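Enquirer: Pasting a structure below so you can have a look.
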Amino acid sequence: MEKLANPQKTIEIIQKNHFTFQKRFGQNFLIDAHVLEKIIAAAEITKDDFVLEIGPGIGTMTQYLAETAREVTAVEIDRNLIPILEETLAPYENVTIVNQDIMKLDIAALAREKNGGRPIRVVGNLPYYITTPIVMGLLESAVPLLSITVMVQKEVALRMQAGPGTKDYGALSLAVQYYAEPYLAANVPPNCFIPRPGVGSAVIRLTRRQTPPVQVKDENLMFALIRASFAQRRKTLVNGLKNASDLDFSKEQITQALADVGLSETVRGETLTLEQFAALADALDGI
Ligand code: SAM
């Protein structure tokens with residue numbers, strides 16, 4: 001099957017169909033076969049797998065997914081792309097195209113229908129304006145998942161895999177790492193896309209954990225502490241937590257809890273590991 005992953009073929013399809021790029025949908029189409037091969041390898045797809053592709057565009061990555069997976073459902077919001085996808089993907093009998101907003105799709109129901117409720121793989125060159133809601137929505141939901149392998153803005157990929165004490169470490173790092181194991185598979189420069197995005201990109205694989213890496217009595221409290229500590233990054237943890245609107249602890253209670261888990265009262269949130277946030281949440285729980 002002739003591949004779409006080159007500039008000539010992509011431009012030809014766009015012109016033939018009088019397609020105009022919509023900035024509001026984050027449309028930057030991949031034109032580099034080498035990058036696509038890296039994404040497919042990173043996604044560890046086998047012929048047993050059902051793959052959900054988010055935002056197929058003109059079907060460039062879908063071709064590779066169709067050749068590697070058992071079955072693919074590709075969800076595209078832009079109705080102007082649907083007739084193009086129907087043509088470019090016509091040779092692939094294992095692909096279903098769905099014209100929907102991924103944020104409104106019942107993915108658990110799709111996994112039940114297409115994969116008997118067994119864990120699915122999610123792959124996509126994501127629209128950057130909704131990367132975090134898509135990824136966190138999937139990880140926090142009850143969708144049965146093996147992995148999410150996605151192209152995202154490079155900065156976001158760095159934040160997802162950052163560790164304590166680094167400049168990229170934040171609430172997103174901890175949230176992602178609580179649910180998944182991140183692996184940065186490739187850096188991708190702007191010239192691999194049409195049109196070129198204004199930022200660098202990276203491919204990251206998030207392998208869903210079967211059990212969280214830490215045990216905590218109240219997950220919601222732990223994430224509220226995490227959000228509060230990074231909302232006021234420059235402050236000490238005590239001040240960050242004391243000022244948080246959705247927490248109700250006094251300075252004394254926080255100082256006591258920090259002492260209980262062996263942390264100094266001048267510590268900053270950005271140096272704490274997930275284990276330390278979990279221990280702090282348990283120390284504050286029920287105070
Ligand atoms: N996969 C194609 C590629 O690599 O060439 C296109 C990637 S492009 C960065 C993102 C795609 O996601 C676009 O086709 C865009 O229309 C689609 N998209 C944007 N928002 C979406 C949403 N909420 N639900 C589903 N698709 C969306």
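The values are calculated or read from the model by the stated rules, or taken from the named source; none is laboratory data. Everything quoted here is computed from the prediction, not taken from an experiment. Note that each Cβ is placed from the backbone with ideal geometry, even for glycine, and that neighbours are counted across all protein chains shown. Protein only, heavy atoms only, side chains kept; ligands, DNA and RNA dropped before computing areas. Shrake-Rupley method; radii C 1.70, N 1.55, O 1.52, S 1.80 Å.
Enquirer: Give the residue that is nearest to the ligand (Cβ to nearest atom), with candidates limited to residues of the stretch 17-26 that are open to solvent by 30 Å² or more (accessible area, probe 1.4 Å) and over 13 Å from ASN80 (Cα atoms).
Expert: Per the stated criteria, the residue is ARG24.
Enquirer: For the structure I just gave you, tell me whether THR68 is within 22 Å of ALA202 (Cβ to Cβ), more than 12 Å from the ligand (Cβ to nearest atom) and of a type in the set (Ser, Thr, Tyr).
Expert: Against the criterion (within 22 Å of ALA202 (Cβ to Cβ), more than 12 Å from the ligand (Cβ to nearest atom) and of a type in the set (Ser, Thr, Tyr)), THR68 qualifies.
Enquirer: Going by the conditions given, is ALA142 among the hydrophobic types (A, V, I, L, M, F, W, C), away from the ligand (no atom under 14 Å from the Cβ) and at pLDDT below 95?
Expert: Details: among the hydrophobic types (A, V, I, L, M, F, W, C): yes; away from the ligand (no atom under 14 Å from the Cβ): yes; at pLDDT below 95: yes.
Yes.
Enquirer: Right, something else. Search the stretch 27-37 for residues being surrounded by 15 or more Cβ atoms within 10 Å (Cβ to Cβ) and not aliphatic (A, V, I, L, M), and hand back the single one that is farthest from the ligand (Cβ to nearest atom).
Expert: The residue in question is ASP32.
Enquirer: Report, by residue number, each residue of the stretch 216-245 that is polar (S, T, N, Q) and either assigned to a loop (DSSP other than H, G, I, E, B) or open to solvent by 10 Å² or more (accessible area, probe 1.4 Å) (or both).
Expert: Result: ASN220, GLN232, THR236, ASN239, ASN243, SER245.
Enquirer: Considering only the stretch 115-126, I want to know if a residue exists there that is within 12 Å of the ligand (Cβ to nearest atom) and over 23 Å from ASP48 (Cα atoms).
Expert: yes
Enquirer: Follow-up question, since we're still on this one. Just the residues that are in a helix (DSSP H, G or I), of a type outside the set (S, T, N, Q) and within 12 Å of LEU280 (Cα to Cα), please, taken from the stretch 246-267. Lay out the reasoning, then the answer.
Expert: Looking only at the stretch 246-267, we keep the residues that are in a helix (DSSP H, G or I), and these are 251-260.
After this cut, where a residue has to be of a type outside the set (S, T, N, Q) as well, the list is 251-252, 254, 257-260.
ILE254, ALA257, LEU258, ALA259, ASP260, listed by residue number.
Enquirer: Restricting the first residue to the stretch 168-185 and requiring it to be more than 15 Å from GLY269 (Cβ to Cβ) and open to solvent by less than 10 Å² (accessible area, probe 1.4 Å), which pairs with a second residue that is in a strand (DSSP E or B) and among the β-branched types (Val, Ile, Thr) meet a Cβ separation below 7 Å and a spacing of at least six or different chains?
Expert: Qualifying pairs under 7 Å: ALA180/THR207.
Enquirer: Which number in (1) under 24 Å from GLY200 (Cα atoms); (2) open to solvent by 30 Å² or more (accessible area, probe 1.4 Å) marks the one condition that VAL123 misses?
Expert: (2)
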